[in-house]
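Structure, as structure tokens:
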Amino acid sequence: MGLGLAVLSLSAAQALEFKKPEDAIKYRQSAFALMGAHFSNVGAVVKGDKAFNAQDVAGDIAVVASLAALPWKAFGPGTEGGKAKPEIWAEGDKVKAGIEKFQTAVVALNDAGKTGNLDAIKKAFGNTAQSCKGCHDNYRKK
């Protein structure tokens with residue numbers, strides 16, 4: 001099994017094929033950018049920089065949740081580059097654990113968003129942000 005696929009434990013049905021490595025890089029960067037934009041909207045509310053509107057926050061969280069599985073599909077063999085450090089292709093078990101932690105945190109955040117309870121959202125947002133930071137610290141170029 002190719003290193004990238006082994007790292008992320010993707011089945012053939014989950015992996016996407018790209019004609020050029022640059023296409024995979026653009027795909028995952030686009031998915032991360034969209035998640036980041038909606039996550040930042042929630043972050044502004046959590047920090048008190050933006051007024052809390054439960055429906056808007058739940059909508060932003062739902063977008064993050066729907067995108068949470070996408071970027072990993074573009075880390076196959078031969079897709080090295082972009083903002084990703086080479087270690088993401090070499091540290092399979094660690095990367096897989098980080099992805100699972102992130103996805104679990106996003107599910108909890110989405111559940112909290114559905115409640116409309118700002119305190120629950122803040123707690124779940126903090127856990128999700130920590131999972132993002134862990135991966136960024138280890139696998140994203142500064």
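For the reader, a short list of remarks on this structure follows.
- MRE, 222 nm, helices only [DSSP H, n ≥ 4, -39500 (n - 2.57), over the chain, to nearest 500]: -22500 deg cm²/dmol
- Full-extension gain in nm, residue 114 to residue 90, via 0.36 nm per residue minus C-alpha separation: 4.9 nm
- Range of Cα positions in the chain per principal axis (Å), largest first: 45, 31, 26
- Taking label points 7 Å from Cα along the Cα-to-Cβ direction, residue 49 and residue 136 give a separation of 1.2 nm.
- Neighbour-limited loop hits for trypsin sites (Lys or Arg not before Pro), the range 19-100 (at most 12 other Cβ within 10 Å; DSSP other than H, G, I, E, B): 19
- Remark on residue 140: its backbone amide H falls under 5 Å from those of 85, a criterion applied only to residues 5 or more positions apart or on other chains, H modelled at 1.01 Å from N.
- Each Cα pair under 8 Å and six or more residues apart adds its sequence gap; the mean of these over the residue count of the chain is a relative contact order of 33 percent.
- For q = 0.13, 0.19, 0.24, 0.28 Å⁻¹, Debye-computed log10 I/I(0) when each Cα of the range 55-130 counts as one equal scatterer: -0.46, -0.81, -1.05, -1.26
Read the figures in this text as sums done on the coordinates, not as results from a lab. What you see is a predicted model; the values in this text were computed from it and never measured. Note that each Cβ is placed from the backbone with ideal geometry, even for glycine, and that neighbours are counted across all protein chains shown.
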